[in-house]
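Asker: Okay, here's the structure, questions in a sec.
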Amino acid sequence: MVSSNAKIVVLISGNGSNLQALIDDIVEQKIAAEIVAVVSNKANVFGLERAAQANIPHQVVNHKDFTTREEYDAQLHSVIAGFSPDLVVLAGFMRILTPWFVEQFTGKMLNIHPSLLPKYKGLDTHQRAIDAKDEEHGASVHFVTPELDGGPVVLQSKVPVFADETALQLASRVQEQERQMYPLVVRWFCQKRLLMLNNKAYLDGNEMPNTGYAAD
Ligand code: GRF
């Protein structure tokens, strides 16, 4: 039996470096998938250009055109559902999602967050790690559940925090890790090795620890 490529919709809000990492691995056939659409909540962001360059259908669903979060999420859901994706990848998508929206894609939606979850949910994670004088920081890929940045972690990648470095410098080192780790997790999902069951992540049938797989 020939198995078909997984269909992925990627949601972005900005630069799209994680999107690019996915595009590159799909082109190099490291991931058996097709990005069927890129959707941004902001117009004119560089990630949309990356999609255009790769001939991927892309569109803006601008949150400013909607009065409530519920209305926005309903429209976003209808756009995404139109592509019947196997997986929705949040790649720098800077929106809080309603529980209703998240539940439409239970077990089929991944996010990357720039901290070692459960530390530093929300924004300004790099500065918060510096302010707390943490010795290490990093990023986490997790399944999305209604709790903000709270779904089961699949993979974490750590970097040391150097003395006197700025949040920008730290962010750039963390983002280098992100571009390695996110495609790997997407690959596991597309190979059907990774799934979420009862709010827990499983790889190859084994329940993953709270920190997911750790990588230095
Ligand atoms: C990444 O640092 C990601 O962890 C965070 O937003 C940033 C997006 O970067 N959620 P990019 O748009 O993929 O370049």
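Asker: Once you keep just the Cα pairs under 8 angstrom separated by 6 or more residues, what percentage relative contact order results for the range 120-206?
Answerer: Computed value for the range 120-206: 26 percent relative contact order.
Asker: Below 8 Å between Cα atoms, with a sequence gap of 6+, how large is the relative contact order for the chain in percent?
Answerer: Numbers: 409 pairs, mean separation 40.4, N = 216.
Across the chain, relative contact order equals 19 percent.
Asker: Rank the residues T125, T68, T211 as a footprinting-exposure proxy: fewest other Cβ atoms within 10 Å of their Cβ go first.
Answerer: Result, fewest neighbours first: T68, T211, T125.
Asker: Still on this structure, please answer the following. Below 18 Å, Cα to Cα, which lysines can K108 reach? Residues fewer than 8 away in the same chain don't count.
Answerer: Those lysines meeting the cut-off are K7, K192, K200.
Asker: Still on this structure, I have one more. Report the GluC sites (Glu not before Pro) located in the range 132-216 that are in a DSSP loop and have at most 15 other Cβ atoms inside 10 Å of their Cβ, or state none.
Answerer: Answer in residue order: E135, E147, E165.
Asker: Considering only the chain, what is the antiparallel percent among its DSSP beta bridges, to the nearest 5?
Answerer: If I count the DSSP bridges inside the chain, around 45 percent turn out antiparallel.
Since every read-out is calculated from the coordinates, none of them should be taken as a lab result. Remember, it's a predicted structure, so these values are computed and weren't measured experimentally. Virtual Cβ from ideal backbone geometry, glycine too; neighbours counted across all protein chains shown.
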